[in-house]
Amino acid sequence: RIVATVSSPFHGEYGIEGVSLSIPSIVSAQGVEKRLIEKYSEEELQGLKASAEALKNMLKTIE
């Protein structure tokens, strides 16, 4: 197992759904085992949600 920043899909965590975001995670041969940062400050959470929305909007333009 290693610690790496990798993209993985969000399925409702933190109110984010339908996009993959890169965050520090424990990764094994089976894939992402656990995301390391589970508690965000309000400012960090707002930034994460803004990034997710930006990605969703970009995806809409190429679909």
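Okay, here's what the table says:
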item: Inter-label distance for Tyr40 and Arg1, nm, one decimal - labels placed 7 Å from Cα along Cα-to-Cβ; result: 2.3
item: Projected-area mean, the stretch 2-62, by convex hull of Cα positions, square nanometres; result: 4.5
item: Computed lengthening from Ser28 to Met58, 0.36 nm per intervening residue step minus Cα-Cα distance; result: 7.8 nm
item: Helix-derived mean residue ellipticity, 222 nm - over the chain, DSSP H n ≥ 4, -39500 (n - 2.57), to 500; result: -11500 deg cm²/dmol
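Just so you know, all these numbers are worked out from the coordinates, no wet-lab data involved. What you see is a predicted model; the values in this text were computed from it and never measured. Here the Cβ is made from the backbone with ideal geometry for all residues, glycine too, and neighbour counts use every protein chain on show.
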